[in-house]
Amino acid sequence: MSQEIDVSARAAAIEYAIRDVVVPAIELENQGQEIIRLNIGDPLAYEGLPTPSHMVSAYKKALDSQNNGYGPSYGLSELRDAISLSESKKGWNCSSDDVYVTHGVTEALQIIFASFLEDGTKILAPGPHYPPYMAYPQMYGATTIEYRLNPLDSWRIDLEDIRQKMDDTVRLLVLINPNNPTGNVATQDEIDKLIQIVKQYPKCTIISDEIYDALDFTGNLVSTASRSSEVPVIVLNGVSKVYFAPGWRIGYMAWHDPKGVLSSVRDGAERLLRSRLCASTPAQYGYLEGLVSNTEWLNSHKNNIKKRLDYCIERINSIDGIECQPPGGAFYIFVRITDPNLSSDKQWVLDLLHQYHVLVVHGSGFSPEYGNGHFRMVCLPTIEVLSEVFDRIEKFINGR
């Protein structure tokens, strides 16, 4: 009799709420039900937010020219140059040697965690946060500790909570700005104070995840690297969200090391990058075209998103049973469920899915402690679709 092979503990412990909720949705679709999906931040899944045609043409040209071979492990030199120029315009001295092109920001995280973390080390990440910040560090023997974002004050950073949780075992402190899932945009003052806290711990580096930076609606967004003259900062960004090409899987990490303390860990990261060969060559040419060409097209996409976001806030404010802090950036709404009889936000989300065929993500999937009692939805569909979504949510709440 065959004996089942055991799964590793590290794989069995991985959860990714954004996609996990798709499983029951697919079952319903297989039964012939039409589901309105608001679970994943993919602009291409919604009308009116296409990848810019000049970027697509550059991608196609690379394919037609047979530019499909292995590229440099750290990224195409032309792309690294363009990224370094883009980052330098944000207020810090970024050279092309500071830039490493990766298979999306997700791979950048894996490279960073593998280079920095060991058994007994910690990473501080905001609560709520993007799930890989909780899932991946454990694979390298580390523990993720969440620091609090204030749900009553537009999800601002609780700096005192960070002070209390910092110690000499913390190797990485994560800032997601604008934040996913809450949409909060950190102010310059918050960033400066956060840097001063980290400055007291010389073994700690800041990860500044700025993948939504051009979708800032507050006018307050600043580059974390531009504010740091001593503390090392690794900036994360890429083509997925701001250039509307998530399936291309091209991201980057840009290392700001003002005091030159990251030489050893950077060598480790470079070894890992070389061992995995390279990111997609033709997709890099597409991203390059986006960086070097005019970005006026972004204003139309940004205006569309802002109109849809404002409509979501208006509808949420009109429905008893849900409320939210208006986001300052990105394209998510993190909604609080105010039903006093709520027992589980995940069950609430599953009930909404099964009864009214609207798919959102339970807030506890972004943080069991700080996201509990919420749900995240994207505001990317057209207003006509969003109108139907909120009509269904209102009926669902009234029928509970």
*Among residues belonging to region 258-272 that are assigned to a loop (DSSP other than H, G, I, E, B) and touching a residue at least 24 places away in the same chain (Cβ under 8 Å), point out the one that is surrounded by the most Cβ atoms within 10 Å (Cβ to Cβ).*
262
*Inspect region 64-77 for any residue being assigned to a helix (DSSP H, G or I), of a type in the set (Gly, Ala, Ser) and in contact (Cβ under 8 Å) with a residue 60 or more places away in the chain and give the result as yes or no.*
no
*For the subset of region 28-78 comprising residues that are hydrophobic (A, V, I, L, M, F, W, C) and surrounded by fewer than 17 Cβ atoms within 10 Å (Cβ to Cβ), which member is nearest to residue 297 (Cα to Cα)?*
56
*Is it the case that residue 119 is acidic (Asp, Glu), in contact with a helix residue (DSSP H, G or I) (Cβ under 9 Å, 6 or more places away or on another chain), surrounded by fewer than 17 Cβ atoms within 10 Å (Cβ to Cβ) and more than 25 Å from residue 294 (Cα to Cα)?*
yes
*Set 343, 387: member being touching a residue at least 40 places away in the same chain (Cβ under 8 Å) and of a type in the set (Gly, Ala, Ser)*: 387
*Might you check whether a residue that is crowded, with 24+ Cβ neighbours inside 10 Å and under 17 Å from the mean Cα position of the chain (by Cα) occurs anywhere in region 138-146?*
no
*Odd one out for residue 255 among (1) in a helix (DSSP H, G or I); (2) touching a residue at least 12 places away in the same chain (Cβ under 8 Å)*: (1)
*Give the residue, chosen from 162, 145, 123, that is outside any loop (DSSP other than H, G, I, E, B) and closer than 23 Å to residue 20 by Cα.*
145
*Within region 294-311, can one find any residue that is of a type in the set (A, V, I, L, M) and touching a His at 6+ places or on another chain (Cβ under 6 Å)?*
no
*Could you please give the count of residues in region 367-380 that are crowded, with 22+ Cβ neighbours inside 10 Å and out of contact with any Gly (no Cβ under 8 Å at 6 or more places or on another chain)?*
2
*Any residue at all in region 162-175 that is within 19 Å of residue 331 (Cα to Cα) and not polar (S, T, N, Q)?*
yes
_Residue pairs meeting the criteria (Cβ under 7 Å; at least 6 apart or on separate chains; first farther than 24 Å from residue 149 by Cα, in region 312-325; second among the aromatic types (Phe, Trp, Tyr))_ = 315/390; 319/390
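Values quoted throughout were computed directly from the atomic coordinates according to the rules given, and no laboratory measurement underlies them. Here the structure is a predicted model, which means the values were calculated and not measured. Don't worry about glycine lacking a Cβ; one is built from the backbone with ideal geometry, like all the others, and counts go over all protein chains shown.
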